[in-house]
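Comments concern the structure below.
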Amino acid sequence: MPNPALAQDTWQNPPEPIAAFLDAPFLPQAFISPDNQWLFTLEHPPLEPLASLAQPRIQVAGLQINPATYAPALEYGYCSLTVQHIATGQVNTLALPSDARIRNFRWSPSSRYLAFTNTRPEGLELWLLDVPQGTIKRLLPPIPVSYTH
């Protein structure tokens with residue numbers, strides 16, 4: 001016989017102290033450019049969207065891959081990027097798409113450019129940041145899976 005105490009008719013929100021704790025933003029992550037001139041601050045979204053958690057996954061050699069993007073499943077990208085010049089203290093918050101999930105950061109040898117990917121439902125975009133100028137641009141649109149076959 002089922003236990004009626006375990007059954008719930010509707011979604012129940014936790015009490016306020018617990019809800020505030022769960023909704024609190026993560027601490028930002030920071031890293032310094034290879035030439036030690038720039039400080040980068042990255043922020044995570046507060047919680048992973050349910051749509052992201054429900055994406056299909058393929059397991060290959062202990063890895064979980066999203067078949068729509070061929071990127072790691074359940075990857076937790078960053079949603080904002082701030083650049084600060086260490087010597088002057090000047091801060092520049094970059095204008096990323098509202099649903100940005102950026103990761104895979106790679107520096108140019110001169111530390112002038114920072115390349116990164118943005119995960120979209122239809123594939124990965126390649127973006128480039130010109131660090132001294134503080135400008136970003138998308139180099140490649142999302143690469144659909146059909147291009148890889």
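The values are calculated or read from the model by the stated rules, or taken from the named source; none is laboratory data. Everything quoted here is computed from the prediction, not taken from an experiment. What goes into the accessible areas is simple: the full protein's heavy atoms, side chains included, and nothing from ligands, DNA or RNA. Shrake-Rupley method; radii C 1.70, N 1.55, O 1.52, S 1.80 Å.
Measuring nothing but protein heavy atoms, the accessible surface of the chain at 1.4 Å probe radius is 61 percent carbon and sulfur.
Scattering from the range 71-146 was approximated by placing one identical point on each alpha carbon and applying the Debye formula without solvent; log10 I(q)/I(0) at 0.16, 0.19, 0.24, 0.26 1/Å stands at -0.60, -0.81, -1.19, -1.33. What the phi angles of the range 87-98 give under the Karplus curve with 6.51, -1.76 and 1.60, with θ = phi - 60°, is a coupling list of 5, 9, x, 5, 10, 10, 8, 7, 8, 9, x, 4 Hz, glycine and proline written as x. Normalised size of the chain, defined as Cα radius of gyration per 2.2 N^0.38 Å with N residues, equals 1.33. Scalar couplings 3J(HN,Hα) for the range 40-53, obtained by applying the Karplus form with A = 6.51, B = -1.76, C = 1.60 to θ = phi - 60°, are 10, 10, 10, 10, 8, x, x, 9, 5, x, 4, 4, 5, 5 Hz; x denotes Gly and Pro. Using a probe of 1.4 Å on the protein chains alone, the accessible area found for Trp107 is around 70 Å². The mean sequence distance of close C-alpha pairs (under 8 Å, at least 6 residues apart), as a share of the length of the chain, puts its relative contact order at 16 percent. In units of the compact-protein estimate 2.2 N^0.38 Å, the range 44-101 shows a Cα radius of gyration of 1.54.
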